[in-house]
Amino acid sequence: MFNLIVNIVTFVIDSTLGTMVTYDMGYVGLIAFLALLLPTVSVSVRRLHDIGKSGWWILLAIIPIVNFIGIFVILVFTLMEGEEHPNQYGNVPTNTLEHDGNIHTNY
């Protein structure tokens, strides 16, 4: 959602300034895209780790031939609930409670 808002704002800025490089992206949009690329991939990989999948699944959304299907696979994975127990990628971040200054896990 954040990326969508940033894209709309940068499109308006590029259209107003006349800095469009292609029909849908200008220089400001390109800078915003590059600035948000690494955090977006990082959050996606972390979400895949939460459900026990490898971060390499994100390549389905990047490879051009399987891109259309891959985006829907990644969407389904991100909508799935995370695992209840720690997996090979670490502890479950949603199953922790903090009270009295101590972190307690409830699994």
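The values are calculated or read from the model by the stated rules, or taken from the named source; none is laboratory data. Worth saying up front: this structure is predicted, and the values here are computed from it rather than measured. Please note: Cβ atoms are built from the backbone with ideal geometry, for glycine as well, and neighbour counts cover all protein chains shown.
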Quiz item: From the list I58, I69, which one is over 23 Å from F2 (Cβ atoms) and either surrounded by fewer than 11 Cβ atoms within 10 Å (Cβ to Cβ) or hydrophobic (A, V, I, L, M, F, W, C) (or both)?
Solution: I69
Quiz item: Cβ-Cβ below 8 Å, separation at least six or inter-chain, first residue in region 43-60 and over 14 Å from P86 (Cα atoms), second part of a loop (DSSP other than H, G, I, E, B): which pairs?
Solution: L60/V66
Quiz item: Name the residues in region 44-54 that are closer than 16 Å to N91 by Cα and either touching a His at 6+ places or on another chain (Cβ under 7 Å) or in a helix (DSSP H, G or I) (or both), would you?
Solution: V45, R46, R47, L48, H49, D50
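Take G29 and tell me if it is surrounded by 11 or more Cβ atoms within 10 Å (Cβ to Cβ), touching a residue at least 12 places away in the same chain (Cβ under 8 Å) and assigned to a loop (DSSP other than H, G, I, E, B).
On the way: surrounded by 11 or more Cβ atoms within 10 Å (Cβ to Cβ): yes; touching a residue at least 12 places away in the same chain (Cβ under 8 Å): yes; assigned to a loop (DSSP other than H, G, I, E, B): no.
It is false that G29 is surrounded by 11 or more Cβ atoms within 10 Å (Cβ to Cβ), touching a residue at least 12 places away in the same chain (Cβ under 8 Å) and assigned to a loop (DSSP other than H, G, I, E, B).
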Self-check item: Meets criteria (over 21 Å from I8 (Cα atoms) and either modelled with pLDDT under 80 or outside any helix (DSSP H, G or I) (or both)) for I69
Solution: no
Self-check item: So Y23, is it modelled with pLDDT under 85, part of a loop (DSSP other than H, G, I, E, B), in contact with a helix residue (DSSP H, G or I) (Cβ under 7 Å, 6 or more places away or on another chain) and aromatic (F, W, Y)
Solution: no
